[in-house]
Amino acid sequence: MEMTLRWYGSKFDTVTLQQIRQIPGVTGVITTLYDTQPGEVWSRERIRALKDEVEAAGLHIAGIESVNIHDDIKTGKGKRDEYIANYIQTLENLGLEDIHLVCYNFMPVFDWTRTELARVLPDGSTALAYTQQAVDALNPEEMFNSIAGDMNGTVMPGWEPERMAKVKELFAMYKDIDDEKLFANLKYFLEAIMPVCNKYDIKMAIHPDDPAWSVFGLPRIIINEENILRMMKMVDDPHNGVTFCSGSYGTNLKNDLPHMIRSLKGRIHFAHVRNLKFHSPDNFEEAPHISRCGSFDMYEIVKALYDIGFDGPIRPDHGRMIWGEVAMPGYGLYDRALGATYIQGLWEAIEKSEARK
Ligand SMILES: [Mn+2]
């Protein structure tokens with residue numbers, strides 16, 4: 001595995017490449033052209049400029065998170081084929097610049113959903129949190145306004161104001177889309193992009209839906225082992241793979257995370273490792289990474305990744321705000337740095353104890 005950190009680019013991130021470079025063991029960043037819109041072609045020039053900037057700081061681009069998918073592709077409507085052609089062009093440009101991992105998601109309308117961006121924990125730190133009760137009490141626009149007011153002056157992925165201005169329109173687009181149609185549209189998209197992925201060895205890594213169930217009546221399909229295996233089989237190519245995100249699949253306590261990891265051997269191209277603390281099955285917060293602070297056994301999660309021979313980029317996921325930091329919620333420096341070193345500690349211990357057997 002390679003330890004990495006997500007970075008939104010110097011115009012958008014409060015964390016610098018120089019700071020990331022000083023986190024022990026972190027050698028790569030997972031980044032994006034944050035100011036591009038879904039459906040747009042990423043030019044080779046802009047990709048190369050991003051790469052040069054990262055490399056000048058002594059790091060490298062370990063992968064892209066994300067190249068977002070236009071809603072016409074997800075709904076199979078409008079200019080789907082034109083946007084898929086653009087996506088293929090972007091993949092080709094990434095491949096030509098020697099970038100071989102792309103994380104994306106297929107979530108309708110909303111990206112990940114939280115109901116609090118700064119729940120105060122007993123130690124005074126703050127974390128992102130979710131309660132179903134809060135979602136049930138809001139309509140989608142109220143949801144957006146409550147999130148937008150709480151971003152510490154940053155723009156959060158999937159919650160861009162220009163996108164949310166069209167939230168009613170977006171809901172109308174998905175009116176007749178159920179799980180089966182969403183699966184079919186995902187298959188259509190994947191079949192179209194597999195040739196370029198094979199040509200440039202680009203691993204596509206779908207991010208799970210978060211939370212791993214339907215919100216506001218929208219279909220959600222990347223939620224459990226059964227569905228993800230269905231997706232792997234429906235386009236059975238190793239370039240069609242997954243981002244294993246423990247914090248997203250883990251929102252549903254029925255998901256056995258180590259078991260899911262083992263069932264996806266050879267198809268996990270990227271891993272997000274984080275912990276959640278549950279107060280009830282639909283009330284949780286994003287806990288510090290270490291096992292004793294949350295509900296997951298992080299050793300078992302990392303051990304499962306080790307056991308399947310996972311060798312892709314791994315990153316700590318959302319961190320808390322600690323030590324007075326003001327940053328994009330979930331994406332501060334300090335708590336993610338602690339997560340990165342902790343995960344590496346687990347990995348080293350597993351590696352050495354396995355070697356002694
Ligand atoms: Mn994730």
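Return one quarter of the surface area of the convex hull spanned by the alpha-carbon atoms of the chain, equal to its mean projected area, in nm². Mind showing how you got there, number by number?
Values: hull surface 66.7 nm².
Computed as one quarter of the Cα hull surface, the answer is 16.7 nm².
Strictly over 27 Å apart at the Cα level, which of LYS74/LYS233; LYS203/LYS233; LYS181/LYS233; LYS74/LYS168; LYS51/LYS187 would you flag in this model? In this structure, LYS51/LYS187 exceed 27 Å between Cα atoms. Multiplying the residue separation of ALA165 and ALA85 by 0.36 nm and removing their Cα-Cα distance gives an extension gain of 26.2 nm.
What FRET efficiency comes out for GLU180 versus GLN22 if R0 is 35 angstrom and r is the Cβ-Cβ distance? Round to the nearest 0.05.
0.15
If the Kirkwood radius is taken over C-alpha pairs of the stretch 178-221, then at 25 °C and 0.890 mPa s the Stokes-Einstein diffusion coefficient equals 204 µm²/s. In this calculation the C-beta distance from SER10 to ASN139 is compared with R0 = 35 Å, giving a FRET efficiency of 0.45. Beta bridges from DSSP with both residues in the chain: antiparallel share about 30 percent, rounded to the nearest 5. Placing dummy labels 7 Å off each Cα toward the beta-carbon, the span from ASN198 to SER295 is 4.2 nm. Direction-averaged projected area, Cα convex hull, the stretch 223-357: 9.0 nm², rounded to one decimal.
With all pairs of different alpha carbon atoms counted, what Kirkwood hydrodynamic radius in Å does the stretch 296-357 show?
Numbers: mean 1/r = 0.0775 Å⁻¹.
In the stretch 296-357 this quantity evaluates to 12.9 Å.
Bear in mind these aren't lab numbers, they're just calculated from the coordinates by the rules spelled out. No experiment lies behind these values; they were computed from the predicted model shown. Backbone-built Cβ (ideal geometry, glycine too); neighbour counts: all protein chains shown.
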